[in-house]
1. What is the packing order of peptides 229-240, 263-274, taking the mean over residues of other C-beta atoms within 10 Å and listing the highest first?
2. Over the chain, with every protein chain in place, what whole percent of the accessible area is carbon and sulfur at 1.4 Å, could you tell me?
3. With a 10 Å cut-off between alpha carbons and a GNM built on the chain, which of Gly41, Gly83, Gly57 moves the most?
4. Find the accessible area per residue for the stretch 183-303; the probe is 1.4 Å, ligands and nucleic acids are left out, and the unit is Å².
5. How about the stretch 18-109: which GluC sites (Glu not before Pro) there lie in a loop by DSSP and see at most 10 other Cβ atoms within 10 Å?
6. Between Asp259 and Thr43, what length in nm is gained on full extension when 0.36 nm per residue of separation is reduced by their alpha carbon distance?
7. With the cut-off at 1.5 for a/c, could you classify the chain from its C-alpha gyration tensor as rounded, prolate or oblate?
8. Could you tell me whether the stretch 198-303 comes out rounded, prolate or oblate from its Cα gyration tensor? Rule is a ≥ b ≥ c as square roots of the eigenvalues, rounded for a/c under 1.5, then prolate if a/b exceeds b/c, otherwise oblate.
Amino acid sequence: MSFDRLQQKIDEMKNPTVVGLDPALEHVPPEILDKHIAEHGETLQAAAQAVLEFNEGIIDAVHDVVPAVKPQSAFYEALGPDGVAALKMTCDYAKTRGMYVILDGKRNDIGSTASAYSTAYFGKVKVGGREISAFDVDALTINAYLGSDGVLPFLKTAVECDKAMFALVKTSNPSAGELQDRFIGDDRMYTVVGDLLEKISRETIGRYGFSRVGAVVGATYPEELEFLRGRLKHTFFLVPGYGAQGGAAADVAHAFDKDGRGAIVNSSRGIIAAWKKTGAGYKESARAEALRMRDELRRVVYA
């Protein structure tokens, strides 16, 4: 099962880290962008090619110490068709380097549209006599706030194609509480959503005890993170908010079960833009920061 593969990679590396590939152009070293502008002019094609080269360099630098990457689709879509092509090639390249790929698209809809989204990212399209995968990522982030109608089509495809998903539950942004902390009866909304995800995915639990429907739970709310870990026994957590957003290692420690499993912690610009602080090469800086984060998490997760 998909999350079984992820947990196995985490166990082998003793590193519950995912690198967020959010390549805003200001994070790409100028020499890379300038090289592609010289070839393609000041175009979106040049920008997309620069992003792809940058991503491949990051992946080369961290693939042997970090189990997963998480491209955020918005940064690629901003570059138009060439950017989407760069996203596809980034996902493919990460898989050739043995990494687990989580596409951060936060897709949601109902019915046939939700089915089409799930087909796009981890299903197959039948063209004549062939079945062809489009993005073929290992997991996808989705928005569960449409209710089960917006989750079940993704879950169906995930079961058919051995994939997984992370649904938004308690996000890391400052205004999350405006809606997610509202009460529905005696429970806060994020609790109701988490309970729903556990209920509809209970038939898909793998060998490590986690279902195919994970949850996005932010490190910036450690008390809620600890509460949800205790409540959602079979839910794998994707934890944003570490580092640049203010979450510390002690905060994210609450995301893991008693065996140090069931969560993966994201860092995006803290790793990919580390070169801007160190003055060293972007690959060397990314690797050094990834190792620092790994060691910091090891002290609180595997102590």
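1. Per-residue mean Cβ counts within 10 Å order the peptides as 263-274, 229-240.
2. On the way: 6580 of 12900 Å².
That fraction is 51 percent.
3. Looking only at Gly41, Gly83, Gly57, the biggest GNM fluctuation is shown by Gly41.
4. Dividing the accessible area of the stretch 183-303 by its residue count gives 46 Å².
5. Details: sites: Glu26, Glu31, Glu39, Glu42, Glu53, Glu56, Glu77; in loops: Glu42.
Answer by residue number: Glu42.
6. Working it through step by step, the gained length comes to 72.8 nm.
7. Cα axes put the chain in the oblate bin.
8. Numbers: a/c = 2.31, a/b = 2.12, b/c = 1.09.
It is prolate, given that a/c is not under 1.5 and a/b is the larger ratio.
The values are calculated or read from the model by the stated rules, or taken from the named source; none is laboratory data. Values in this document were obtained by computation on a predicted structure and should not be read as measured data. So basically every Cβ, Gly included, is an ideal-geometry build from the backbone, and we count neighbours across all protein chains shown. Just so you know, the surface numbers come from the protein's heavy atoms only, side chains and all, with ligands and any DNA or RNA stripped out. Shrake-Rupley method; radii C 1.70, N 1.55, O 1.52, S 1.80 Å.
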